[in-house]
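Student: A single structure is presented below for examination.
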Amino acid sequence: MSSGILGTGTSALLAFQRALSTVSHNVANAATPGYTRERVELQARPGQSAMLSIGQGVDVKQLTRLADGLVFARQNDSAGELGRLDQLSQLASRMDGLMSDSATSLVTPWSSFFNAAKGVVADPASVPARNQLLASSDQIATRFRTLDAQMAKMDDDVNRSMTSKIGDANRLAGEIADLNRNIISAGGNVSSDLLDARDQRVRDLSKLVGANTVIQDDGSMNVFTAGGQPLVLGVRASNMTTMADPYQPNRLQLALNTPTGAMRLPEGTVSGELGGQMEFRSRVLDPMRAELGRMATAFAQSANAIQNQGIDYNGNPGADLFAISAPQVAAHAANTGSAAVTAALDDVGALTGQNLVLRFDGSNWGAMRADTGEAVAMTGTGTLADPFKVGGMAISVGGSAAAGDRFLLTPTAGSAGNLQVAIHDSTGIAAAGPLTSKPDTGNLGDAKVASSAITDGSLFSSFTGASLDFIDATHYTIDGNGPYTYTPGAAISNGGWTLTLQGTPVAGDSFTLGRTPPRSSDNSNARQLASLDSKRVLDGATTDLTTGMTRMASRAGGEANHAQMTLDAQQAIDDQVNAERESLSGVNLDEEAADMMRYQQAYQAAAQVIATADTMFQTLLSVVRR
């Protein structure tokens, strides 16, 4: 009987010793990231004979790892989304700060330029006023270039960060494969700590690229990207890498090394921080840089058009105030033909800034959006005489294209980085209108010249004067040539110049036209420049430049706010998922302390049982000795 009691006490002592060790292990790892709480499951040891109704003690049935596969999967999903949104929010906020901060935005130089233009309107012959306008022109050009350079730096930063994070992801994938190997080798005796280490690395990997997992029969875990590309298969890990953009070699794309070479991972197939960086580049950075270039192009071209319509302080037709680059064309690295594509700005009002891909299918050329692949209609045949017209660009194709050849058309992205002031002498500012007009003293109508402009500088260079005579209210002659039909409100054009009348002419009315002389105090052309900010030149001449600027800054702010709101919502979801895990798998020190006291008391009781059995045995021996 004492031997039975001794066996029972010994089994209890060993079982509660294991339980105390487990509790101690839990307490020791209470602050260990990713640790999963363990629990000892006990079972009664049955009697060895059917005649015995009393059990023979207790056994440790198993050591249970308190984990839930569904919660683990939700944690991975949440970690991937949180990583993606965190990167998107950080980078979008950086863009918003760039576009809204008074020290870096366009607001101050934009206002300074138009204030300086109004200064020339007030005193067209003032050299200080002209110098101020030229200085303000340089300031706004510099600000456009600075903003574009900052956006280009963001692109470079994304490249560098992608390279760093890819290294981290490859390291984690390799460690997961090594842990899979150890888990397979352990067979049925897998340490819970090995599983915890693997799960923690999977969560870290998910934060970087997003991860879906599948447990195999041998205990290994396969890991895939959100798009289904394998990162870890058993004991083999795939390495991610970068590859050059086929159109822009300086821009890196995410890829996966395969036996057949690097395979590009498109946006949407990867989540996590890398996915957030790729999304920022396509959703925020590229559109903002293109829009910045569109605004710079529209501003420069419109200012140049006004300059070209007027006469400068020396009496010459106005030259361009700004210089800006033409739309860029990049051939795909895999092109096999010899075609050469050139692009030029055609219509500022039709300019969208959207990058396009021009593709030859073997018979015809077609255009599509670079981001979505959506087909875009274009006109023309692609020759110099009849270029393709699409997205505000005129495109001509030379050479011989092969089927499948593609070209990336970048209408405005990067254009702001090339904006320069083209004149360096303030006398070159064309503040005056090109024509002087003197109505005949015998005119009976109330018509007068309201405005004039140069339409062709080379033709106007030989203009010295003209006589405009009305035969009746709807017909006129110029220097006796004509008659020409006049429509009230319509322009009258001839010899590189054009003018519009205010009022109604009658038969016999006459106007003597002359060329504006040097050092004129006329400000008619400067008035147009000063009001350029409110001129509708964008979106098919429906949006003015100031509204366009405001929308651009608002878009940056909207993207940043949306990203932050989405991040906050995802953070709440992540907190909830982590709370669920902690409620099941986390170490509760109060609970562990209670278990430790319970097991300690049980251990002491088991020791007392053994001591009692020993006393009984010693008593029995003493009886036998007598």
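The values are calculated or read from the model by the stated rules, or taken from the named source; none is laboratory data. The structure displayed is predicted, hence computed values, not measured ones. Because the Cβ atoms are built from the backbone with ideal geometry, glycine has one as well, and the counts that use them run over all protein chains shown. Protein only, heavy atoms only, side chains kept; ligands, DNA and RNA dropped before computing areas. Shrake-Rupley method; radii C 1.70, N 1.55, O 1.52, S 1.80 Å.
Student: Pop a pseudo-label 7 angstrom from the Cα along the beta-carbon direction at both Leu384 and Gln150 and give the gap in nm to one decimal.
Tutor: Placing both labels 7 Å along Cα→Cβ, they lie 4.3 nm apart.
Student: Tell me the net charge near Leu208. Cut-off is 11 Å between Cβ atoms, Leu208 excluded, with +1 for each Lys or Arg and -1 for each Asp or Glu.
Tutor: Numbers: positive: Arg84, Lys165, Arg171, Arg201, Arg203, Lys207; negative: Asp168, Asp204, Glu273.
Net local charge, Leu208 excluded: +3.
Student: How many nm is it between the label spots at Ala333 and Asp101, if each spot is 7 Å from the Cα in line with the beta carbon?
Tutor: 3.5
Student: Still on this model: Sum up the charges of everything whose Cβ sits under 15 Å from the Cβ of Leu265, counting Lys and Arg as +1 and Asp and Glu as -1, but leave Leu265 out. All intermediate terms of the calculation are to be shown ahead of the outcome.
Tutor: Details: positive: Arg84, Lys165, Arg251, Arg264, Arg281; negative: Asp245, Glu267, Glu273, Glu279.
For residues surrounding Leu265, the net value is +1.
Student: Now a separate question. At q = 0.08, 0.09, 0.10, 0.12 Å⁻¹, what is the log10 ratio I(q)/I(0) for the chain, with the Debye formula run over Cα points and no solvent?
Tutor: Rounded to two decimals, the profile gives -0.78, -0.89, -1.01, -1.22.
Student: Right, here's the next one. Once you list every other residue whose beta carbon is under 15 Å from the beta carbon of Val537, what net charge do they have if Lys and Arg are +1 and Asp and Glu are -1?
Tutor: Summing Lys and Arg as +1 and Asp and Glu as -1 gives -2.
Student: What do you get when you divide the Cα radius of gyration of segment 1-127 by 2.2 N^0.38 Å, with N the number of residues? Please report the intermediate quantities before stating the final value.
Tutor: Numbers: Rg = 36.9 Å, N = 127, 2.2 N^0.38 = 13.9 Å.
Working it through for segment 1-127, the quotient is 2.66.
Student: Separate question: With a 1.4 Å probe and all protein chains left in place, how much accessible area per residue does segment 567-614 have, in Å²? It would help to have the intermediate numbers written out before the result.
Tutor: Numbers: 2860 Å² over 48 residues.
Ligands and nucleic acids excluded, the result is 59 Å² per residue.
Student: Right, next: What is the helix-to-structure angle for 589-625, meaning the angle in degrees between its Cα long axis and the longest Cα principal axis of the chain, kept from 0 to 90 and rounded to the nearest 10?
Tutor: Compared with the principal axis, the helix lies near 10 degrees.
Student: Another question, if that's okay. Rounded to the nearest percent, how much of the accessible area of segment 351-448 (1.4 Å probe, protein heavy atoms only) is carbon and sulfur?
Tutor: On the way: 2200 of 4480 Å².
The computed percentage sits at 49.
Student: Right, something else. Between Asn578 and Ser185, what is the label-point separation in nm under the 7 Å Cα-to-beta-carbon projection?
Tutor: 3.4
Student: Express the carbon and sulfur contribution to the solvent-accessible surface of segment 242-292 as a percent, rounded to the nearest whole number, probe 1.4 angstrom.
Tutor: Details: 1060 of 2010 Å².
Ligands and nucleic acids excluded, carbon and sulfur give 53 percent.
Student: Using the heavy atoms of the protein chains and a 1.4 angstrom probe, tell me the accessible area per residue for segment 395-484 in square angstrom.
Tutor: Values: 3990 Å² over 90 residues.
Ligands and nucleic acids excluded, the figure is 44 Å² per residue.
Student: In addition: What length, rounded to one decimal in nm, is gained on full extension from Asp68 through to Ser493, with 0.36 nm per residue of separation minus their alpha-carbon distance?
Tutor: Full extension of this stretch gives 144.8 nm more.
Student: Turning to a different aspect of this structure: Taking only DSSP H segments of four or more residues, each worth -39500 (n - 2.57), what value at 222 nm results for the chain once the sum is divided by all its residues, to the nearest 500 deg cm²/dmol? Kindly include the intermediate steps, with their values, before the conclusion.
Tutor: On the way: 11 runs with 275 residues, N = 626.
Result for the chain, helices only: -15500 deg cm²/dmol.
Student: Assuming a viscosity of 1.306 mPa s and a temperature of 10 °C, what translational diffusion coefficient in µm² per second does Stokes-Einstein assign to segment 353-427, Rh being the Kirkwood radius over Cα pairs? Please list the in-between numbers first.
Tutor: Numbers: Rh = 14.0 Å.
The calculation lands on 113 µm²/s.
Student: Further, regarding this structure: Mind giving me the FRET efficiency for Leu14 and Gln229? R0 is 45 Å, r the Cβ-Cβ distance, nearest 0.05 is fine. Before the final figure, lay out each step's value.
Tutor: On the way: r = 49 Å, r/R0 = 1.09.
Between Leu14 and Gln229 the formula returns 0.40.
Student: Taking the Cα atoms only, what angle lies between the long axis of helix 286-309 and the longest principal axis of the chain, rounded to 10 degrees?
Tutor: Roughly 10 degrees between the two axes.
Student: Using only the alpha-carbon atoms, how far is helix 69-100 inclined from the longest principal axis of the chain? Give it as 0 to 90 degrees, nearest 10.
Tutor: So the helix axis and the longest Cα principal axis differ by about 30 degrees.
Student: What translational D, rounded to a whole number of µm²/s, comes out for segment 281-430 from Stokes-Einstein when the hydrodynamic radius is the Kirkwood one over Cα pairs, at 4 °C and 1.567 mPa s?
Tutor: Details: Rh = 16.6 Å.
This corresponds to a translational diffusion coefficient of 78 µm²/s.
Student: Then there is this: Residue separation times 0.36 nm, minus the C-alpha to C-alpha distance between Thr550 and His562: what's the value?
Tutor: Values: separation 12, 0.36 × 12 = 4.32 nm, distance 1.79 nm.
Using 0.36 nm per residue and subtracting the Cα-Cα distance, I get 2.5 nm.
Student: I would also like to ask the following. Give me the accessible area per residue for segment 118-257, probe 1.4 Å, as a whole number in Å².
Tutor: Values: 5910 Å² over 140 residues.
Averaged over the residues of segment 118-257, the accessible area is 42 Å².
Student: Can I ask one more? Using a 1.4 Å probe on the protein heavy atoms, what percent of the accessible area of segment 462-522 belongs to carbon and sulfur?
Tutor: On the way: 1510 of 2950 Å².
Roughly 51 percent, rounded to a whole number.
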